[in-house]
Amino acid sequence: MDAAFVPGYNRFPGSDFPRIAVSDAAGTVSMVWNDATRNPLGDIYLQSFNLGSLTRVQATPVKLNNDTSGIALHFMPALRDVDNSGRLNVSWYDRRLAPNSAQTDVFAALALDPRLSSTPAANVRVTNVSSDWNVVSSDIVPNFGDYTDNYTTLTANGTVFHVAWSDGRLVVPQPFTSHVTLKP
């Protein structure tokens with residue numbers, strides 16, 4: 001991804017770092033990152049390792065974004081912790097709704113078993129409005145921020161997945177949050 005130009009993002013190259021979480025319930029440590037091996041604009045991948053031995057769980061990394069256009073940008077994945085069952089919730093910036101533009105949303109793959117071996121059937125759109133980063137005015141570098149973030153909390157109604165990101169819907173970068181309640 002070092003050579004990928006991100007339309008609307010005002011720093012080159014884009015900063016994107018792997019994120020990591022430990023699932024004691026599944027006996028794994030998992031990493032997520034974006035990778036341009038199969039899509040020049042990047043896909044979001046997961047690789048888990050067994051705790052103790054650090055041997056691979058999956059023979060090859062598993063793609064988490066389930067769109068198949070091959071031209072949509074996916075970047076800045078977030079992974080912080082696991083839910084009470086040891087499942088992972090991963091979010092990221094995504095341009096699948098308008099792949100040839102700077103229209104950006106946040107998508108997520110929810111309640112993932114760290115030992116999964118195939119792309120999840122569903123991704124959830126977290127944002128309710130796309131941001132066109134080509135019309136956002138900012139002298140802050142980087143205008144998107146350096147990362148997205150998420151975390152889970154346990155309530156009487158189930159696990160709540162919270163996501164935080166920078167958004168340009170107001171024509172200047174602003175922090176936004178959203179949450180999804182996952183049933184137990």
Tabulated pairs, segment 125-142, first more than 11 Å from V172 (Cβ to Cβ) and of a type in the set (K, R), second surrounded by 20 or more Cβ atoms within 10 Å (Cβ to Cβ) and at pLDDT 90 or above, C-beta under 8 angstrom, 6+ apart or interchain: R125/D105; R125/V106; R125/F107
Where A102 falls short, out of the listed (1) aliphatic (A, V, I, L, M); (2) within 22 Å of G158 (Cα to Cα); (3) in contact with a helix residue (DSSP H, G or I) (Cβ under 9 Å, 6 or more places away or on another chain): (2)
T68 over 10 Å from the mean Cα position of the chain (by Cα), over 20 Å from T177 (Cα atoms) and among the β-branched types (V, I, T): yes
Segment 156-184: number of residues that are of a type in the set (G, A, S), under 16 Å from T127 (Cα atoms) and over 15 Å from the mean Cα position of the chain (by Cα): 1
Close pairs (7 angstrom Cβ cut-off, 6 or more residues apart or separate chains): under 18 Å from R80 (Cα atoms) in segment 152-170, small (G, A, S) anywhere: V163/S91; V163/A108; V163/S178; S166/G145
Selection from segment 85-140 of residues that are charged (D, E, K, R) and in contact with an Asp or Glu (Cβ under 8 Å, 6 or more places away or on another chain): R87, D94, R95, R96, D105, R125
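The values are calculated or read from the model by the stated rules, or taken from the named source; none is laboratory data. The model shown is predicted, which means the values in this text are computed figures rather than measured ones. Glycine also receives a Cβ, built like all others from the backbone with ideal geometry; neighbour counts cover every protein chain displayed.
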